[in-house]
1. Restricting to the stretch 73-96, what's the tally of residues that are more than 20 Å from Ile31 (Cα to Cα) and either assigned to a strand (DSSP E or B) or not small (Gly, Ala, Ser) (or both)?
2. If I ask for residues that are exposed (fewer than 12 other Cβ atoms within 10 Å of the Cβ) and over 16 Å from Ile187 (Cα atoms), which ones from the stretch 231-257 would you list?
3. Considering (1) under 27 Å from Lys59 (Cα atoms); (2) part of a strand (DSSP E or B); (3) of a type in the set (Ser, Thr, Tyr), say which one Ser109 fails and leave the rest.
4. Filter the stretch 20-36 down to the residues that are more than 12 Å from Ala55 (Cβ to Cβ) and acidic (Asp, Glu) and list them by number.
5. Which pairs have Cβ atoms under 8 Å, sit 6 or more apart or on different chains, and link a residue in the stretch 46-57 that is part of a helix (DSSP H, G or I) to one that is surrounded by 14 or more Cβ atoms within 10 Å (Cβ to Cβ) and not β-branched (Val, Ile, Thr)?
6. Of all residues in the stretch 292-322, which are part of a loop (DSSP other than H, G, I, E, B), over 12 Å from Ala350 (Cβ atoms) and of a type in the set (A, V, I, L, M, F, W, C)?
7. Please determine whether any residue of the stretch 68-79 is more than 27 Å from Ser134 (Cβ to Cβ), at pLDDT 95 or above and either loosely packed, with under 15 Cβ neighbours inside 10 Å or not polar (S, T, N, Q) (or both).
Amino acid sequence: MKNIKKITVIGLGLIGGSLALSLKNTGEDFIITGYDIEGEAMNIAKYRNIIDVVAIDYKEAVTDADLIIIATPLSKIIEVVEHIKGYLKKGAIITDVGSAKEKIVKRVSEILPEGVFFIGGHPMAGSENEGVLSATPELFRNTFYILTPTDTTITEPLVTLHSLFTKIGAKVISINPKEHDENVALISHLPHILSTNLVDMIDDKQKKMKNLFKLCAGGFRDMTRIAAANIKMWLDISLENKDELIKSIDDYIKYLIKFKNNLKKENSESIKKHYIKAQKARINLPKYIEKDISKLYELRVAIPDKAGVLSEITLAISSHGINIEDISIFHSTEFSDGGILKVLIQGEDASKITKEAIEKAGYEVSVKKVLSE
């Protein structure tokens, strides 16, 4: 795993500021430099001890940095990479926090010089509050932090980021960029579109039905709370992930049409089945389970020293919905052409699924309980 000492955060808003705070709270001896086009944001970050160093420009911000986290709005990520690409030292790792990945990963990979590593990132955390004043080290605790490696991703940077973001309390999973965009379009982006369009419709209707907004109850308020979110951010997201979002909207319309037709036919049985199915699915949404070391299983995999191996294994695991609690690599005298990958998984059933997934990917794996009976 790469030794990280100097970290630069570009974009000191809620996410960037919270990441800097979280990393400082790990107890590691990091030196964190911050840069933002808004001088006030940097001043506040320094005053709150969120960062150690205030950079005056992009060059000063990234020169000699081991890790650069781009926490700007989605539409600015490529612009930032263009600014910093000439000042990056060999071996530097770059990641971002954008909530759409496929296009970003492709563009950045084309821009960066050889010897610099980019792995897309997406912390699925947020708040109704904005800006560095709202930054908190607890923002990522127990939330999913998605990394989006590709077939060409080098092992060491991926392990480094996985370990780093696990230390801040996040549940780190790896998904390829396309699958990431498909998933978030359905579970994050589409709900926002539904929310804003419902509010838009009710706002138009209330021009004739004067008491409409006054009568809005809990259900309407709950569903439309996210409509008040950051407009600039959601404009960027909508345009960046438009292809997957359009597919999701089309699929949703099919479900609405099916429901509408059942209403027209007064097909009470189909409507009842719909409600039962939805209720059951909602009740069974995954719930966070506190980590219990007595239920941790260690899987060891012999891996060759070549690009894409770790990505292949982590993607194989994540495709089964399994969360990797920790991941590390160490060299072994018994395996001179590579190393040993150690993966920690919570729960016996999950460890069995993980073992099968790794074996299916073509690797030998051994499993043992961390705490033996």
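1. Residues flagged as more than 20 Å from Ile31 (Cα to Cα) and either assigned to a strand (DSSP E or B) or not small (Gly, Ala, Ser) (or both) within the stretch 73-96 amount to 11.
2. Ile231, Lys232, Lys254, Leu256, Ile257
3. (2)
4. Those that are more than 12 Å from Ala55 (Cβ to Cβ) and acidic (Asp, Glu): Glu28, Asp29.
5. Lys46/Gly34
6. Of everything in the stretch 292-322, just one residue is part of a loop (DSSP other than H, G, I, E, B), over 12 Å from Ala350 (Cβ atoms) and of a type in the set (A, V, I, L, M, F, W, C), namely Ala307.
7. No, the stretch 68-79 contains no residue that is more than 27 Å from Ser134 (Cβ to Cβ), at pLDDT 95 or above and either loosely packed, with under 15 Cβ neighbours inside 10 Å or not polar (S, T, N, Q) (or both).
Let's see how each residue does on (1) on the phi < 0 side of the Ramachandran plot; (2) touching a Gly at 6+ places or on another chain (Cβ under 7 Å); (3) buried (at least 22 other Cβ atoms within 10 Å of the Cβ); (4) not hydroxyl-bearing (Ser, Thr, Tyr):
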{"residue": "Ala125", "(1), (2), (3), (4)": "yes, no, no, yes"}
{"residue": "Thr136", "(1), (2), (3), (4)": "yes, no, no, no"}
{"residue": "Asp151", "(1), (2), (3), (4)": "yes, yes, no, yes"}
{"residue": "Thr155", "(1), (2), (3), (4)": "yes, no, yes, no"}
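The values are calculated or read from the model by the stated rules, or taken from the named source; none is laboratory data. Predicted, not measured: the structure shown is a model, and the values here were computed from it. Cβ sites come from the backbone with ideal geometry, for glycine too, and all protein chains shown count toward neighbours.
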